[in-house]
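Participant: What follows is a single structure, and I will ask about it in a moment.
Derivation of every value follows stated rules applied to the coordinates shown; laboratory data play no part. Remember, predicted model here, so these are calculated numbers, not experimental data. Ideal geometry is used to build each Cβ from the backbone, glycine not excepted, and the neighbour counts take in all protein chains shown.
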Amino acid sequence: MTIPSFPSLSSRAFITGLVSALLISALTGQSKPEAAQAEQQPKTSSTTIAGPASVLKITTRLVIVDVVATDRKGSPVTDLKQDEFRLMEDGKEERVRVFSFQNMSANAESEPAQPAPVDPPLPPNVVTNIRRFARTGPLNVLLLDGLNTRMNNQQYAKTQLIEFLKKLPADQPIAVYLLGTRLHLLQDFTSDPAVLKDVLLHLKEFRSPLMDNAAGGPEKFWMEGMPLLPEIKRRVLEFQQETESDQVDQRVSTTMAALNSLARTLAGYPGRKNLIWVSENIPITIVPNKVPHGESADRARRTYDQIVASTASLLTDAQIAVYPVDARALVNSDLFNPAAEYDARGDRNGSSGPQMGRAMDDTANELMAARGAMQEIAEDTGGRAYYNRNDIGNAIRLSIEDGSTYYTLGYYPENKSWDSRFRKTSVKVTRPGVTVRYRLGYFAMDPERYAKENVQRRDAEFSGALSPEVPISTGLHFMAGILQPSLKTDSKTVINFSIEAQALSFSAGDAGKKRASVQCAVRVFSKKGPSQPLKTEAYDIDADLPPESYSKVMKTGLPCRTTLDLPAGEYVLRLGVRDNRTGLIGTANAQLVVPNASEPSSKAADSKP
């Protein structure tokens, strides 16, 4: 994880400051820029904010590396000291500036549970994406992958998960997501096994539209017993291979988009997050086994190293360690499945040639690709892969335990050139017999690289985050107060944003001023069915702010305002903010009721953000 160095500020103090700022803004009507209108994509305008606001230039980065240490028996080592670690970047030793140890299992046994402090409720008509979940250690996210998993394996994994919940460790918050044609949040973080069990009991298996034989069981090769000419048979096999490769392309794209969305969703939670990914997984490289060689084989071959590396970078930046768990449990070739219809010679479906070798090769290639992908993403992010085992529930338990006992090392890289290249990190301990696992490195991204990317690509990413069907993003914290139409607001709905200034990227301006570029947006949907947006309002702030206002911005956030001109009705609002330099995104949902103009003004207070 690469994070800026800035003064610490408790979330409670920040929330208090933001709420105060929003209430003052609501009462005084300050910060009233006009918002441009758009139907689908936000249009933008710019302004320079002067007065009570300031910014902070961030140039120093702290790189965080979580390290899991085990002995020869695989048990966690819990008594290592800072001077026993050696941390290197690209082969050069770095000075460890931050060191801590987390051992949740020991804490749970030695310390009685303490009631978590309760934050005061938000005022009416105020919403936020600041997650106020009480936590005492790493968060665990369970991703059930229906897109890349056949239904019979989903059913087996579900049964194992329900058994696991009977022995769920105390104080282990878990959130549950489902990956289908998009990412679904089934249950936000909870430590209540009954709630989690109820979610799984009501979960139906998802039939992937991008997998052959999505229901599972032995595959039926319909062509094997047909008397086809060799050339026709070869062309049919080529078409089948290319079709399967195109399906994998779509699965890779959807899966990586889901993982990217998860990274944005979890980025605002401090500390380590363990992503337990129950799936058959997807291959990084497709090696065609139906087409022997030649141009057709080259067309069918796919590699995904670059997209996987980019996704792994987003996950590690959000301090997410991935623990893939193979939903297939122990796997044998279909050759040994009585339902596969092989005869005594190893022929299948009445074909004229032996199919034994091909069946075993197909299974071996599929397992090699899937497990290779599992192993790679686990190693890249500092997690661990579990496969070729029937006890899926126990694998999930081991994942949680493994990710709950670790050391955190932080350093400021000596290499200050942010050239977007991958930098390899390595950790060693001087104590004999200790094995360590950690993320293998990070991409030294220019903090303003996002501003240099294609505008259409940036807008498409932000537009996707503004969909209410996408889990909220926490990479950029904000609060927003919603003011109902009134004479003071020119009969329009006003949304006052207050954005956490510490997470923004600032640059130096003239006369000691600091600059930031932020976009705030509101997308409107009908409450009856949020299928198509009714309206999008967006506003760009190019702030050029004096340094003397720094302390106030640190307490109250950077202000932004948008307005909505809506007829009477009930609406769902998707609120979003984005740092235009770094691409950090924050989103939240709100409900809005716009009363008829003839109704009493007190009706406006019924708005439910």
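Participant: Take the alpha-carbon centre of region 130-199, take the same for region 412-471, and report the distance between them in whole Å.
Facilitator: Spelled out, the Cα-based centre of one part sits 26 Å from the other.
Participant: Net charge around Glu461, counting only other residues with Cβ within less than 13 Å of its Cβ (Lys, Arg = +1; Asp, Glu = -1)?
Facilitator: Working: positive: Arg264, Arg457, Arg458, Arg578; negative: Glu453, Asp459, Asp579.
Computed value for this residue: +1.
Participant: Which three semi-axes in whole Å describe the equivalent ellipsoid of region 471-536, each the square root of 5 times a Cα gyration tensor eigenvalue, listed largest first?
Facilitator: Numbers: eigenvalues 177, 65, 23 Å².
Its equivalent ellipsoid spans semi-axes of 30, 18, 11 Å.
Participant: Quick one: compute the contact order of region 483-595, relative version, from alpha carbon pairs under 8 angstrom and 6+ residues apart, as a percent.
Facilitator: Details: 225 pairs, mean separation 34.9, N = 113.
31 percent.
Participant: Kindly flag which residue pairs out of Lys167/Lys197; Lys73/Lys428; Lys92/Lys273; Lys73/Lys167; Lys92/Lys424; Lys81/Lys428 have an alpha-carbon separation exceeding 20 Å in this structure.
Facilitator: Details: Lys167/Lys197 12 Å; Lys73/Lys428 18 Å; Lys92/Lys273 28 Å; Lys73/Lys167 24 Å; Lys92/Lys424 10 Å; Lys81/Lys428 12 Å.
Checking Cα-Cα distances, Lys92/Lys273; Lys73/Lys167 exceed 20 Å.
Participant: Residues with beta-carbon under 13 Å from that of Ile320, excluding Ile320: net charge, scoring Lys, Arg +1 and Asp, Glu -1?
Facilitator: Values: positive: Arg264, Arg272, Lys273, Arg439; negative: Asp66, Asp317, Asp380.
That works out to +1.
Participant: So how compact is region 380-507: Cα radius of gyration and Dmax in angstrom?
Facilitator: Over region 380-507's Cα set, Rg and Dmax evaluate to 22.5, 74 Å.
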